[in-house]
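This report concerns only the one structure given below.
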Amino acid sequence: MSQHVVNVLLSGVFHASILFLVAAGLQVIFGVQKIFNLACGSFYALGAYVGVSAVGWYTAAGGPPALFIVPLALAGLAVGAVGLVVERGLLSFVYERDETFQLLLTFAVVLMMEDAIRLTWGTAPRSTAGLYLVYGQTHLLGATVPVYNLIVIAASLAIAVAIGWLLTRTTFGRIVRATADNREMAAALGVDLRRVYAKVFTLGTALGTLGGALVIPATAAMSEMGIELIVEAFAVVVIGGLGSMRGAFVGALVVGILRSIAISTYPELEMLLIYLIVITVLVLRPRGLFGGAAV
Amino acid sequence: MTGRLLVAAAAAAIAVAPLVASTYHVLLMLPFMAYAVVLLGLNLLFGYAGLVSFGHALFIGIGAYTGAFLTSHCKIRSLEVILIAAAALGALVAAPVGALCVRYVKIYFGMLTLAFGMVFHTFVLKFYRLTGGDEGTPFLRPSLLGRSLEAMPKIDYLVGPYYYYSLAVLVLATLCMWRIVHSPFGLCLKTIRDNPAKAETLGIGVTRYRFHAFVISAVYAAVGGALLGPPIGNVDPTLAYWTHSGNIVFMTLLGGFTSFFGPVVGAFVFIYLQHWVMSVVPYWRLIFGAILAAIVIFAPGGLLGLLTPRRAAVRL
């Protein structure tokens, strides 16, 4: 019994740690630029496919299987550069417009990215065959867990701490928070908004692509994975509160674990339960659990 | 005056299309007319009330599933009954959903509608016994005006009686919407869109007006959704998915949300362009994404906005 509970909890936490990365990307972009980035799911899918390819090349080049996580993570981070292209090439034209247009522009990216992925990698699911269990499995409180899951959980925690450090302890973080608070005032004090926006959007994208790359050994890359994940990431930020990093962390845990419990007990409820929580939160406390005055 | 002439010419062209155009093009007119009804309603929210819903596929789904359910499970084939039931059910669901959603504007309104849309999508996907899950439910051929047309070949039925039935519904829906947006109610909505605080001080019940607009747009979406069913013959959950909601907002923006007929033009261009692109390459999303991006950046007034450059600057 306890073994079952631990299994469900750990798979929930694993899913939560991936969700946190994507949701953190969504949050940092919303917090600073006030853009709700529908394309975060597409970036996640892109990261997954690039991760599969990178690991494929690495294995073909004869790299030791135990180190496959290095090219995987590096590829996931590197492809985050696509965020810079999207920001400079598309979004920078509509900062003066209503947020509806910014939302629709990210929807355009969703459409384009879905087919760009199909065009590049085809429609068949892609996976990194056999590498998931390369680190073996371990026993934890009677349950059997792939070590890879624990590595991802630890990596996600480390990234959470790193983001916290970046935002609260560095000059860049202070500028970012000042811009999120009041962009006119920040600009008046000499902050170059163009640079801040470009950096923040790229950071947000890289978090999403890294999330996609890290999830891939445990599952397979599919072209629909992006538009499916966006609704979960959306649930995370609504529950946690738009723009809040702590909110992304807690929201990801709530959504990840609830989803895991629902799947193992009453599969019909899976996402229904999460959407109902989202609606309850939006109705009772639209700023989410941790949303502050930033919205 | 030229505007009226243009509309009359367009209506006449649609009416004679089955006589002159190829069957392929005439069949494409059916989803166009269904979407035109949906978009007339959506634009009451988008263009006139300034609220962008990312969950209207919910109501399209309700309309389509109402028809599929009545024809497959209840042996009710009359399209009049189906449309009235779809409208009633659309309004019934829109009342609580709208009451919650219209308390918010902008991004929160969009998110809340998206969440409700996904609740419905998950519901139809998971409750297999009632809805057929991802396989969907068949939408059996409805009878029109009490006449069962079961014996007719499917194509003849669709390009003949069903075509003119859809056209009649579209014309009726257009006339009703024209009355609505030119009534004091429509003017109040525009006032609310442009300056909610001022509207409030003028004694306009902002939330109440938004709520009414939401319910009306949901009824339109449900009726349009029911019309979408018969040509396909099957109703599945993708109709209620959030990307479908995004696509209908896209259509509205494509035609131009600032004018009354913009969304109708948008639906027409979207449907024909999509089928044309798909006949050349399978990657229509790549091209349509680029088109959407170009419209948002360069022509936020849509196609009709391009034709009338002297119009007041686009605002929302």
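The values are calculated or read from the model by the stated rules, or taken from the named source; none is laboratory data. None of the values given here were measured: they were computed from a predicted structure. Cβ: placed from backbone, ideal geometry, glycine included. Neighbour counts: every protein chain shown.
When the stretch B:247-288 is filtered for residues that are free of Cβ contacts under 8 Å to residues at least 24 places away in the same chain and either among the β-branched types (Val, Ile, Thr) or in contact with a Cys (Cβ under 6 Å, 6 or more places away or on another chain) (or both), the ones remaining, listed by number, are B:277, B:280, B:281, B:287. Taking the stretch A:1-34 as the region of interest, how many residues are buried (at least 24 other Cβ atoms within 10 Å of the Cβ) and of a type in the set (Val, Ile, Thr)? Within the stretch A:1-34, residues that are buried (at least 24 other Cβ atoms within 10 Å of the Cβ) and of a type in the set (Val, Ile, Thr) number 5. Of the helices (runs of 4 or more DSSP H) lying entirely inside the stretch B:248-314, the ones with 1 or more residues being surrounded by fewer than 16 Cβ atoms within 10 Å (Cβ to Cβ) and either among the hydroxyl-bearing types (Ser, Thr, Tyr) or away from chain A (no Cβ under 14 Å) (or both) are found at B:262-280, B:302-307. Considering B:64, B:87, B:36, the condition of being modelled with pLDDT of 90 or more, surrounded by fewer than 24 Cβ atoms within 10 Å (Cβ to Cβ) and touching a helix residue (DSSP H, G or I) at 6+ places or on another chain (Cβ under 7 Å) is satisfied by B:87 alone. Within the stretch A:101-143, the set of residues being touching a strand residue (DSSP E or B) at 6+ places or on another chain (Cβ under 8 Å), in contact (Cβ under 8 Å) with a residue 40 or more places away in the chain and not in a loop (DSSP other than H, G, I, E, B) comprises A:121, A:126. Of the residues making up the stretch A:204-212, none is surrounded by 14 or more Cβ atoms within 10 Å (Cβ to Cβ), without any contact (Cβ under 8 Å) to a residue 24 or more places away in the chain, aliphatic (A, V, I, L, M) and out of contact with any Pro (no Cβ under 8 Å at 6 or more places or on another chain). The number of residues in the stretch A:275-287 being at the interface with chain B (Cβ under 9 Å from one of its Cβ atoms) and either free of Cβ contacts under 8 Å to residues at least 40 places away in the same chain or of a type in the set (A, V, I, L, M, F, W, C) (or both) comes to 6. The number of residues in the stretch B:123-148 that are surrounded by fewer than 19 Cβ atoms within 10 Å (Cβ to Cβ), within 14 Å of chain A (Cβ to nearest Cβ) and aliphatic (A, V, I, L, M) comes to 1. Note on the stretch A:253-269: residues that are crowded, with 18+ Cβ neighbours inside 10 Å and within 8 Å of chain B (Cβ to nearest Cβ) total 0. Of the residues that make up the stretch A:87-94, is at least one more than 11 Å from every other protein chain (Cβ to nearest Cβ), within 20 Å of residue A:226 (Cα to Cα) and assigned to a loop (DSSP other than H, G, I, E, B)? No; the residues of the stretch A:87-94 include none that is more than 11 Å from every other protein chain (Cβ to nearest Cβ), within 20 Å of residue A:226 (Cα to Cα) and assigned to a loop (DSSP other than H, G, I, E, B). Looking at A:156, A:223, just one residue is crowded, with 16+ Cβ neighbours inside 10 Å, in contact with a Ser or Thr (Cβ under 9 Å, 6 or more places away or on another chain), at pLDDT below 90 and among the small types (Gly, Ala, Ser), and that residue is A:223. Any idea which of B:111, B:33, B:29 is of a type outside the set (Val, Ile, Thr) and within 14 Å of chain A (Cβ to nearest Cβ)? Among B:111, B:33, B:29, only B:111 is of a type outside the set (Val, Ile, Thr) and within 14 Å of chain A (Cβ to nearest Cβ). Test residue B:54 against the stated conditions and say whether it is surrounded by 21 or more Cβ atoms within 10 Å (Cβ to Cβ), within 30 Å of residue B:209 (Cβ to Cβ) and within 11 Å of another protein chain (Cβ to nearest Cβ). The answer is yes for residue B:54.
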